[in-house]
Each structure stands twice: as C-alpha cells, then as structure tokens.
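The values are calculated or read from the model by the stated rules, or taken from the named source; none is laboratory data. Everything numeric in this text was worked out from a predicted model, so none of it was measured. Note: ideal-geometry Cβ built from the backbone for every residue, glycine included; neighbour counts use all protein chains shown.
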Amino acid sequence: MPLSNMQFEQGRAVDIGGCSVNYYRFYPGDYARDTGHLSLIEHGAFIVLLNTYYSTGNPLPVDMAILNRIARATTGDERKAVQSVVNQFFRKDGDFYRNRKADELIEADNEKIEAAKRSADARWKHERSDMRTHDETHIRSDDGNGCSPAPAPAPAPEKRERRTPSKFQKPTEEEAMKHGESMGMPASEGSKFHAYYEANGWRVGRNPMKDWKAALRTWRGKWEEWGVKKGGGNTNGAGPSINSIAQADSVITEAIKEIQRIKEAGDSWEWDGGRKLGMRPTARDRIAELNAKVAATRNLKTGLA
C-alpha cells in the first residue's frame, strides 16, 4: 500500500472553493511497518508535510526553503530530515512535489462533490418541472350560458440580474502579514502563507483561489494546531503550551498512558461471545489522535533541546 500504508478518509473543509482534508485516519501499525527506518526528526517532518498536503489540497512546492519553513526546520539536522522524507515519499512534478495516494484521495473527494452537485441540480430541475402556478380564478358568469371566463395569464417571472463574480486579487506579502497579525499570528506566518501560495499559483486543490482571507483563516487553524505561537511557547496540538523539555515529556507520558488504558479497556473492543474480534472505530481513532500528538510533541521537544 503506497504512502507508507497510511489510510486516509476524506473530510472536506469548507473554505474557499477548493477541496481539502481536515482529518484522516492514522493506523500506527501500518505506519510503523513502513517508516520504522525513519529517525525521530524525520517522523515529525513527514507528518507535518502530509498535514500541509491534505489540509490545503495542494501538492508541495519544490522550493526547499519553503518546505523547511512549513516543517519548522531550523537546524541543519532538521533540514536534512525534510529533504530525506521528500526524497522517499514524494515525486517531483514540474514545480511541485506530489504524492500519488494523496492526489488520488483528493481527486476522489472532488468527484464525490461534483456527483452530489449534479444530483442536487437534477432533483431541483425535476421539482421545478412538476410545479404549476394555479393562480386562476374560475368565476361562472351569470348570463345563463354556463360558461366561465378564460383564466387570466400567469404573470411573467421577474428577471434577476446576474451578478458578475469579483476578480480575485492576490495579496502582497505585507497585506498577508498584517492580516495574519490581526488574527493573532506572528508576521512570519503571514509571510509563510504568502510564499506557499505564491509558489503554487494561488490555487486550492485544482481550483483557483477565490478568497485569500478565508484561506488564511484555514492556515491559522493549522498553525494553532501544529505551529509555534509567538510569545506563547510551543503548541502540542491539544491546546496547552509547551515551554520546556519537562513539559513535553509529561505530555508524551500522559498520551502513552492513555493509549495503554484504551487498549486494556474491554469496551474498546468488539466481542463475539468471549472472542475478541477487533478494536472499535472510536477507540482506534482516539489512539490515532494520541499517536499523532506524541509524534508532534516529540518534534517540538527536539526544537527545545
């Protein structure tokens, strides 16, 4: 199974007309089997790059400086880790790095969206064809001939003016930085946002961007989950800030303990009499979230060392 045997299920983030994925299933066993040779730093870089690929619906730019900024790689070892996972799990396609499995899943989601739109359009047309306006008054005349006057013609429908969509104007780097700061992000994140979309032609998935401010709001959500807040320490993906290695170790220890508790709990499993069939989806999803949290926290811990 390609893409390191990571199975993803689509979720569609509602933002600016493109198709992106705001969650995915993560199977630790499959992941460990195909990425066991990676170092701790390489694991962190791989996860961050995959999150960016799926959350934006876009392939990655080939500019390693941009990739290093996306992955928060600041040291020489961290940059080598980014280059290593890019070489192993992504292929170069012109100005972008692509992952075949990711592209297939994003394309499949696009097809589902288009099919749903076609179905809705067909249903609406059918309903309109069945609608009839019966605004007619049948008044029997009193002239004794038993005839009713001809029905009054239905009024012509009002013509609605078609609105011409406004043309998209990309922001300057300064505009992106200022707007990002107004949303609580450091100016550097606005710069990263501008550099990323400047590299991919201001597209979301396969579609042209319609609203860069909406895209920046999506970027902010991912920054809060995976990034580093200015003046607030490192975020671990779960809310509280991490400002020391001791804090990071505590977060990792608690997550590992919770994983063990879930595995040992009887209601985490499907049963057939006394025979254990398999783990329940809710328990498996929670373990996947905790494993992702552990990986992200270990990556942040490396930056604190």
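Do the conditions hold for residue 18, that is, is it touching a strand residue (DSSP E or B) at 6+ places or on another chain (Cβ under 8 Å) and either at pLDDT 85 or above or not in a helix (DSSP H, G or I) (or both)?
yes
If we scan region 247-265, do we find a residue that is closer than 22 Å to residue 41 by Cβ, modelled with pLDDT of 85 or more and among the charged types (D, E, K, R)? Yes, because at least one residue in region 247-265 is closer than 22 Å to residue 41 by Cβ, modelled with pLDDT of 85 or more and among the charged types (D, E, K, R). Scanning region 26-78 for residues that are basic (Lys, Arg), part of a helix (DSSP H, G or I) and more than 22 Å from residue 93 (Cβ to Cβ) yields a total of 1.
Can you tell me which residues in region 265-294 are part of a helix (DSSP H, G or I) and over 17 Å from residue 29 (Cβ atoms)?
266, 267, 282, 293
Within region 209-230, is even one residue outside any helix (DSSP H, G or I), within 30 Å of residue 110 (Cα to Cα), modelled with pLDDT of 85 or more and basic (Lys, Arg)? Within region 209-230 (the criterion being outside any helix (DSSP H, G or I), within 30 Å of residue 110 (Cα to Cα), modelled with pLDDT of 85 or more and basic (Lys, Arg)), the answer is yes, since at least one residue qualifies.
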